[in-house]
Amino acid sequence: MTKRKPAKRKPTGRRRNARQERSRETVKRILDAAASLMAEKGADAVTMSEIAKRADVVIGALYRYFADKRAINRAILLDHFEQVDSMLRETTQSVSTAESLVSTMQSVYELYFELHQRDPLYRNIWSLVQTDAELQALDIEDTLKNANYLYGVARPLFAKATDDELMASCVFLLHFAASSSRLAVALPPKLGKQIRPIFQQMIADMYFNQKDGYPKK
């Protein structure tokens, strides 16, 4: 009589899932620690040792997840992009007219502007972008991605605008929304406060020109 071999148990994946969950938690702790240190000290002043100590991980573990501080900076920037992308998509879901698009984009800009004023992390992120060509390329890539999305929302609402005009307007709005928010922080407070209403008026002028069709040369 031939003995049957006991059936092999199929791996449940629980150990792997637990390891993956612990890894995600560790990465989040590292990025949260780096972000809080950047907000306190400025991006350039933060060291890997300080991040490891704040995150309560040994320095070797930190390097297993991030090769250097530049990799941490990149992860923080990508997380920032994800937050802004979500805000843009959530706020434009119900847009159905040119007027509602203008008012929505003015509101989105106000939210973004206020984030820069009260959260030093936003300012420190952009100080990193200015000195790193890779981060600058990621910034342009994200701007174009969001501009394509915004173009898709705006295209049915501005029949007289050409494709190129409308796409350029979307790129301009998103890029300079970020630039003007950072500029406002750097200016004397009284002057910086004027940036928001001026740029909001620019949003209205730009899109209403699209609605009527830009004057041709």
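The values are calculated or read from the model by the stated rules, or taken from the named source; none is laboratory data. Just so it is clear, the model here is predicted, and its values are computed rather than measured. Note: ideal-geometry Cβ built from the backbone for every residue, glycine included; neighbour counts use all protein chains shown.
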Among residues of segment 37-69 being at pLDDT below 90 and surrounded by fewer than 20 Cβ atoms within 10 Å (Cβ to Cβ), the residue farthest from Asp132 (Cα to Cα) is Glu40
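Do we have any residue at all in segment 120-131 that's under 20 Å from the mean Cα position of the chain (by Cα) and among the basic types (Lys, Arg)? Spell out the reasoning first.
Looking only at segment 120-131, we keep the residues that are under 20 Å from the mean Cα position of the chain (by Cα), and these are 120-131.
So of that shortlist, the ones also among the basic types (Lys, Arg) come out as 123.
Scanning segment 120-131, I find at least one residue that is under 20 Å from the mean Cα position of the chain (by Cα) and among the basic types (Lys, Arg), so the answer is yes.
Regarding Ala137, is this residue among the small types (Gly, Ala, Ser), modelled with pLDDT of 90 or more and under 16 Å from Gln106 (Cα atoms)?
no
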Note on segment 9-31: residues among the charged types (D, E, K, R), under 20 Å from Arg70 (Cα atoms) and at pLDDT below 90 are Arg24
Being of a type outside the set (Asp, Glu) and within 30 Å of Gly42 (Cβ to Cβ) narrows it down to one residue among Ser96, Ser100, Ser127; which is it?
Ser127
(1) modelled with pLDDT under 95; (2) loosely packed, with under 14 Cβ neighbours inside 10 Å; (3) among the small types (Gly, Ala, Ser): which one isn't true of Ala98, the others all being true?
(2)
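Specify which of the listed residues (Leu144, Leu128, Leu135) is out of contact with any Gly (no Cβ under 7 Å at 6 or more places or on another chain), within 23 Å of Glu165 (Cα to Cα) and of a type in the set (A, V, I, L, M, F, W, C). Give the derivation first.
On the way: Leu128 fails: within 23 Å of Glu165 (Cα to Cα); Leu135 fails: within 23 Å of Glu165 (Cα to Cα).
Only one candidate passes the filter, namely Leu144.
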Can you work out which of the residues in segment 67-111 that are in contact with a Leu (Cβ under 9 Å, 6 or more places away or on another chain) and among the hydroxyl-bearing types (Ser, Thr, Tyr) is nearest to Ala34 (Cα to Cα)?
Tyr109
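Within the group Ala61, Ala45, Ala35, which residue is on the phi < 0 side of the Ramachandran plot and within 19 Å of the chain's Cα centre (by Cα)? If you could, list the steps in order and put the result at the bottom.
Details: Ala61 fails: within 19 Å of the chain's Cα centre (by Cα); Ala45 fails: within 19 Å of the chain's Cα centre (by Cα).
It is Ala35.
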